[in-house]
Amino acid sequence: MDTVIVKDAIAHRLAHSGVLLLLLGLLTGLAVPKLANPRMGLASHVEGVMGGMLLALLSFLCSRLRLGALAMKAASWLAVYGAYANWANPLLASIWDAGGSMMPDASKGKKGTALQEAVISAVAVSMVLALLPAVCLILWGLRRSAS
C-alpha cells in the first residue's frame, strides 16, 4: 500500500478520534456537578478536551513524519489509546469516588474497593506505557532528513 494513502488514512482516524474525544470531554464537563467526586470529574473533562486536541494536532503532523507504515500505525493507535485512557481513568475514579492509590490529591485521598483501585492503577500504567512510546515514535518521525 502506498505510504501517502496510509498516512492519509491514519491522519483521518486521528482527526476523527480527536474530535470525538473533544466532544466526550465537553460532555464530561456538563456532568461534573453530578459526579461522586466532582474534582476528579473536572480532571476528566480537562483530559478529554486536551487529549482531543492532541489527537487532532497529531493528524496534521502525519504528512511530516518520516516513519514506515507499521511505526505510523503503532504510534497512532498508542496515542489514541493513551488519550482515551487519560480521559476515562479520572472519569471512572470520579464515578466510583475512588482513585486514592494513584491520584491522592485529585481524589482527596478517597479510595474505592480493591478492584476499583486495581482498575484505576492498571489503566494509569497502561496509559503511560502507551503515550510514552507514541510520543517517542512521533518525535523520531519528525527528524530532519540527512540531506
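The values are calculated or read from the model by the stated rules, or taken from the named source; none is laboratory data. Note that the structure is a prediction, hence the values are computed from the model and not measured. Don't worry about glycine lacking a Cβ; one is built from the backbone with ideal geometry, like all the others, and counts go over all protein chains shown.
Out of 76, 107, one residue alone is crowded, with 20+ Cβ neighbours inside 10 Å and in a helix (DSSP H, G or I). It is 76. Restricting segment 11-39 to residues that are among the aliphatic types (A, V, I, L, M) and under 14 Å from residue 85 (Cα atoms) leaves a set whose member that is nearest to the chain's Cα centre (by Cα) is 21.
Could you list, in sequence order, all residues of segment 106-121 that are touching a Lys or Arg at 6+ places or on another chain (Cβ under 9 Å) and either among the aromatic types (Phe, Trp, Tyr) or farther than 11 Å from residue 37 by Cβ (or both)? So that I can check it myself, show each step before the final result.
At the first step, the residues of segment 106-121 found to be touching a Lys or Arg at 6+ places or on another chain (Cβ under 9 Å) are 106-108, 117.
If the condition is that a residue be touching a Lys or Arg at 6+ places or on another chain (Cβ under 9 Å) and either among the aromatic types (Phe, Trp, Tyr) or farther than 11 Å from residue 37 by Cβ (or both), then 117 is the only one that fits.
Candidates 121, 126, 94: the one that is among the hydroxyl-bearing types (Ser, Thr, Tyr), touching a residue at least 12 places away in the same chain (Cβ under 8 Å), in a helix (DSSP H, G or I) and buried (at least 18 other Cβ atoms within 10 Å of the Cβ) is 94. When segment 21-31 is limited to residues that are surrounded by 15 or more Cβ atoms within 10 Å (Cβ to Cβ) and either of a type in the set (Asp, Glu) or free of Cβ contacts under 8 Å to residues at least 60 places away in the same chain (or both), the one that is nearest to residue 57 (Cα to Cα) turns out to be 22.
Would you say residue 63 is in a helix (DSSP H, G or I) and either surrounded by fewer than 20 Cβ atoms within 10 Å (Cβ to Cβ) or touching a His at 6+ places or on another chain (Cβ under 9 Å) (or both)? The answer is yes for residue 63. Tell me yes or no: at least one residue of segment 28-35 is assigned to a helix (DSSP H, G or I), under 30 Å from residue 73 (Cα atoms) and either hydroxyl-bearing (Ser, Thr, Tyr) or modelled with pLDDT of 95 or more (or both). Yes, segment 28-35 has at least one match.
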